[in-house]
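Q: Please see the structure below; I have some questions.
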Amino acid sequence: METRRLITVLTAIGVAIVVAIGAIVIVTSLGGSDGSSSGSSNGNDTGGVETPVLPARVSGELRLFGDDPITLDPACASDASSATYIVEVFSGLVSFDKDLRIVPDIASSWDVSADQMVYTFHLRSNVLFHDASRRVTAGDFKFSMERALNPDTLSTVGEVYLDDIAGSDEFIKKQANSVSGIKVVDDNTLELTIKRPSAFFLQKLTYPTAYVVDQREAKDSTCFQGADWTRSPNGTGPFKLKEWTLGQRIILTANDGYYLDPKPALKQVTFLLSGGSPLTMYENDEIDITGVGINDIERIRDPNEPLKFVLGFPDWVFWGVIAPWAVCTVISGLFSFVIMQDHDLEEAAAPMAADTTLAGATLADAAPSDAAEAGERRHE
């Protein structure tokens, strides 16, 4: 039983780190262009796949290649593609910083009891849902966590990440109507009691299953029914979901009322969900950042390849950028370099020095001025 629990915990932490590192890679590889590069590449060859007509670029926009998420419900997310968008639209009590240290998010601080089993979180008073209709309270977190643990929700990850909480077993077995270890002290204070001391309990709370959702819209929805609310979710993260056209694009816009600093610097992030090869789309100026698959590495290293300059010093990239997260990417079956529009390695590394949480730094650190300068250089 203990071996099974250890494997479950290690798997859970591994997935959480994959999500966090994926977000950090976006931070380290931010680039972009402004309206000067608007939609001119529509109709270009994209590997034989017809690309839908794209709307004109807006100032301060970043365009990326993406996948359709399986779900945008934090309680149900079990894949990295879904988490890519969820961490931008929603947020939780705590998060990771660029060095994978636990930092405050919606919780401004927390206390831990002497026996290491009671965590008391003090919530920020300025956290509003995206529609600004009301602030987030401890009751919202209790609802969200119990929803993720509720067997009727049919989440495959709720128990994995939240089973440390006292009373979760009885709740899952429907022997209790609520989780005894989740206590609302008042609107600003949430108390979580765990079954036994755990060195990684806070790390598990960074996973989307512990994120807060608006109970007014989530209600009694499950991972497979009543999920229409996720097409226009009322989240708390640095970006709002503006559009999700299946198989075509996802558009996120900055949440001007975001509660952390720095505020989102990008005005809009557009994920293109179709169009063929990301590298070809990058060359056609349809997206601003792309990975380089293993089959293209030799091409990019060719001294005569125009894209080679973007990588700068390949050995430094491999050992300095890829090596720290190679284990995590292998877990998800990924291995790629990342290239940016008109940014050398020194520029790419700069965002890593910013002291920001992942929820605020995943996409919120890209400055519009940087994006504009990159676009101007590329089209000179």
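Q: Using a Förster distance of 22 Å, how high is the FRET efficiency between V185 and S133, based on the Cβ-Cβ distance and rounded to 0.05?
A: So, using R0 = 22 Å, E works out to roughly 0.40.
Q: Describe numerically, in nm with one decimal, the distance between label points set 7 Å from Cα along Cα→Cβ at S125 and at V58.
A: Placing both labels 7 Å along Cα→Cβ, they lie 3.3 nm apart.
Q: While we're here: Stretch I294-D261 to full length: gain in nm at 0.36 nm per residue minus the Cα-Cα span?
A: 8.2 nm
Q: Find how much the distance from Q215 to A227 grows on full extension, using 0.36 nm per residue of separation minus their present alpha carbon separation; answer in nm with one decimal.
A: 3.0 nm
Q: Another one. Just want to confirm a number: the relative contact order over segment 94-229, from Cα pairs under 8 angstrom separated by 6+ residues, in percent.
A: Across segment 94-229, relative contact order equals 28 percent.
Q: Something else now. Between I70 and S198, take the C-beta separation as r, use R0 = 25 Å, and let me know the FRET efficiency to the nearest 0.05.
A: Once the sixth-power term is evaluated, E becomes 0.30.
Q: Distance cut-off 27 Å, Cα to Cα: go down the list K98/K240; K173/K204; K174/K219; K219/K240; K142/K267 and report the pairs above it.
A: From K98/K240; K173/K204; K174/K219; K219/K240; K142/K267, over 27 Å: K142/K267.
Q: Find the Rg to Rh ratio for segment 94-229, where Rh is the Kirkwood radius over alpha-carbon pairs and Rg uses the same atoms.
A: Working: Rg = 14.5 Å, Rh = 15.4 Å.
Result for segment 94-229 is an Rg/Rh of 0.95.
Here, each number is a calculation from the coordinates, and none is a lab measurement. What you see is a predicted model; the values in this text were computed from it and never measured. Every residue, glycine as well, gets a Cβ built from its backbone with ideal geometry; the counts of neighbours run over all protein chains shown.
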